[in-house]
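Asks: Got a structure for you, written out below as structure tokens; questions coming shortly.
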Amino acid sequence: MLKEINDPPQSLFVRGNIEPLLDKDVRILCVVGSRRYSNYAKEAVEKLIAGLKGYPVCIVSGLALGVDSIAHRSALENNIYTISFPGSGLDPSVIYPSFHAGLSEDIVESGGALLSEFDPLEKAAKWTFPSRNRLMAGVSHATLVVEAGLKSGTLITYARAMDYNRDVAAIPGPIFSPLSAGPHMLIRNGATPVTCVDDLLEFIGFARRNGQSILPLDDLRLKSLGNVDREIINILLKGPVSKDVLVRQSGLETQRANLIISTLELEGFIKEEMGVVRVV
């Protein structure tokens with residue numbers, strides 16, 4: 001992907017595993033936003049990234065305070081591959097911000113990676129951040145903007161993504177928040193609005209999960225499930241049923257069936273509302 005941009009790095013330093021980046025089936029999503037984020041932004045990022053669990057996805061961000069770190073941590077919590085482009089070299093002594101040195105180690109230990117075009121001991125400076133932003137946009141198939149003021153550095157990543165002919169999406173925000181000004185401007189200019197997990201899935205190239213467009217059982221997201229879990233979902237694909245009916249049709253002992261149903265709900269595959277269970 002970086003070979004396609006008009007100002008590629010001459011070289012890259014790497015800590016960690018970049019094998020998934022070489023997999024053509026992996027969709028690479030850059031997530032960027034304000035350092036000063038709202039609770040709304042935090043909840044939106046966590047919800048959206050959790051909805052990507054099990055898909056062949058890589059989350060890219062810059063290790064910065066705010067939305068960047070939320071994106072990385074949400075990916076780690078959901079076992080989603082993530083990489084970071086810090087605005088510094090990769091030596092632990094200069095990782096910026098130093099507050100996120102632990103997060104950088106967590107990324108590497110989880111099987112993710114840190115990448116930088118700067119010498120390992122290069123300290124962060126004003127000029128390093130726009131430089132790394134172009135790499136975040138360039139390595140990604142698409143960029144998602146979460147919150148940003150009209151003069152935010154986040155919009156540098158957006159501009160580079162547009163320069164490189166990458167797809168851009170934005171999360172709409174409250175109309176009274178100055179942090180919504182950036183995303184709303186992007187949406188007016190043609191960025192894809194993302195208001196739910198289905199929107200994000202569709203944006204990065206996967207099928208929506210709601211209604212008749214629900215992912216088939218042989219989809220990559222469901223391949224990690226065991227046979228019994230699949231049987232539960234097979235029943236629900238025929239239509240929503242009460243929990244009691246689902247337990248009975250599963251043919252499992254009540255205690256075991258309830259445990260599996262609860263686990264599938266926690267993992268976001270099914271949902272129980274008013275005593276009725278359905279696939280989501």
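The values are calculated or read from the model by the stated rules, or taken from the named source; none is laboratory data. For clarity, every value in this text was computed on a predicted model and none was experimentally measured. Neighbour counts are summed over all protein chains in view; Cβ atoms, including those assigned to glycine, are modelled from backbone coordinates with ideal geometry.
Asks: Take residue 229 and tell me if it is modelled with pLDDT under 80, among the acidic types (Asp, Glu), closer than 29 Å to residue 75 by Cβ and surrounded by 13 or more Cβ atoms within 10 Å (Cβ to Cβ). Before you say what the answer is, go through the steps one by one.
Replies: Numbers: modelled with pLDDT under 80: no; among the acidic types (Asp, Glu): yes; closer than 29 Å to residue 75 by Cβ: yes; surrounded by 13 or more Cβ atoms within 10 Å (Cβ to Cβ): yes.
Spelling it out, it is not the case that residue 229 is modelled with pLDDT under 80, among the acidic types (Asp, Glu), closer than 29 Å to residue 75 by Cβ and surrounded by 13 or more Cβ atoms within 10 Å (Cβ to Cβ).
Asks: Filtering the stretch 31-57 down to residues that are surrounded by 23 or more Cβ atoms within 10 Å (Cβ to Cβ) and over 19 Å from residue 267 (Cα atoms), which residue is nearest to the chain's Cα centre (by Cα)?
Replies: Across the stretch 31-57, the extreme among qualifying residues is 31.
Asks: Go through the residues of the stretch 170-186 one by one and say whether even a single one is among the aromatic types (Phe, Trp, Tyr) and at pLDDT below 90. Lay out the reasoning, then the answer.
Replies: Step one: list which residues in the stretch 170-186 are among the aromatic types (Phe, Trp, Tyr), which gives 176.
Still in the list and also at pLDDT below 90: 176.
Yes - at least one qualifying residue is present in the stretch 170-186.
Asks: What is the residue count in the stretch 111-132 for residues that are farther than 16 Å from residue 90 by Cβ and more than 17 Å from the chain's Cα centre (by Cα)? Working first, answer last.
Replies: At the first step, the residues of the stretch 111-132 found to be farther than 16 Å from residue 90 by Cβ are 111, 126-127, 130.
Of the ones still in play, those that are also more than 17 Å from the chain's Cα centre (by Cα) are 126-127, 130.
Counting residues in the stretch 111-132 that are farther than 16 Å from residue 90 by Cβ and more than 17 Å from the chain's Cα centre (by Cα) gives 3.
Asks: Does residue 181 fit the bill of being within 17 Å of residue 31 (Cβ to Cβ) and in the same structural domain as residue 131 (by TED's automatic domain parsing)?
Replies: On the way: within 17 Å of residue 31 (Cβ to Cβ): no; in the same structural domain as residue 131 (by TED's automatic domain parsing): yes.
No.
Asks: Let me ask something additional. Could you list, in sequence order, the residues of the stretch 152-166 that are in a loop (DSSP other than H, G, I, E, B) and surrounded by fewer than 19 Cβ atoms within 10 Å (Cβ to Cβ)? Full working, then the answer.
Replies: Here is the first cut: in the stretch 152-166, the ones in a loop (DSSP other than H, G, I, E, B) are 152-153, 164-166.
Across the stretch 152-166, the qualifying residues are 153, 165.
Asks: Out of the residues in the stretch 72-86 that are of a type in the set (A, V, I, L, M) and without any contact (Cβ under 8 Å) to a residue 40 or more places away in the chain, state the one that is surrounded by the most Cβ atoms within 10 Å (Cβ to Cβ). Step through it out loud before you land on a result.
Replies: Of the stretch 72-86, the ones of a type in the set (A, V, I, L, M) are 75-76, 80, 83.
Now drop any that are not without any contact (Cβ under 8 Å) to a residue 40 or more places away in the chain, which leaves 75-76, 80.
Numbers: 75: 28, 76: 20, 80: 23.
In this case the residue turns out to be 75.
Asks: When only residues in the stretch 233-256 that are within 31 Å of the chain's Cα centre (by Cα) and in a helix (DSSP H, G or I) count, which is nearest to residue 209 (Cα to Cα)? Spell out the reasoning first.
Replies: The initial filter retains those residues of the stretch 233-256 that are within 31 Å of the chain's Cα centre (by Cα), namely 233-240.
With in a helix (DSSP H, G or I) added as a condition, the list becomes 233-237.
On the way: 233: 13, 234: 15, 235: 16, 236: 14, 237: 12 Å.
So the residue we want is 237.
Asks: Related question: Which ones in the stretch 53-76 are at positive phi and out of contact with any His (no Cβ under 7 Å at 6 or more places or on another chain)? Working first, answer last.
Replies: First, pick out the residues of the stretch 53-76 that are at positive phi: 54, 63, 66.
Within the stretch 53-76, 54, 66 qualify.
Asks: Picking from 11, 38, 69, which residue would you name as being free of Cβ contacts under 8 Å to residues at least 60 places away in the same chain and hydroxyl-bearing (Ser, Thr, Tyr)? I'd like the intermediate steps shown before the answer.
Replies: Working: 11 fails: free of Cβ contacts under 8 Å to residues at least 60 places away in the same chain; 38 fails: free of Cβ contacts under 8 Å to residues at least 60 places away in the same chain.
Criteria check complete, one pass: 69.
Asks: Please give the number of the condition residue 265 fails out of (1) in contact (Cβ under 8 Å) with a residue 40 or more places away in the chain; (2) under 21 Å from residue 48 (Cα atoms); (3) in a helix (DSSP H, G or I).
Replies: (1)
Asks: Where residues in the stretch 169-200 are over 21 Å from residue 137 (Cβ atoms) and part of a helix (DSSP H, G or I), which of them is farthest from the chain's Cα centre (by Cα)?
Replies: If we take residues in the stretch 169-200 being over 21 Å from residue 137 (Cβ atoms) and part of a helix (DSSP H, G or I), then 178 is farthest from the chain's Cα centre (by Cα).
Asks: For the stretch 141-151, check the following and say yes or no: at least one residue is part of a helix (DSSP H, G or I) and out of contact with any Lys or Arg (no Cβ under 9 Å at 6 or more places or on another chain). Show your work before the answer.
Replies: Initial filter on the stretch 141-151 (part of a helix (DSSP H, G or I)): none.
Looking through the stretch 141-151, none of the residues is part of a helix (DSSP H, G or I) and out of contact with any Lys or Arg (no Cβ under 9 Å at 6 or more places or on another chain).
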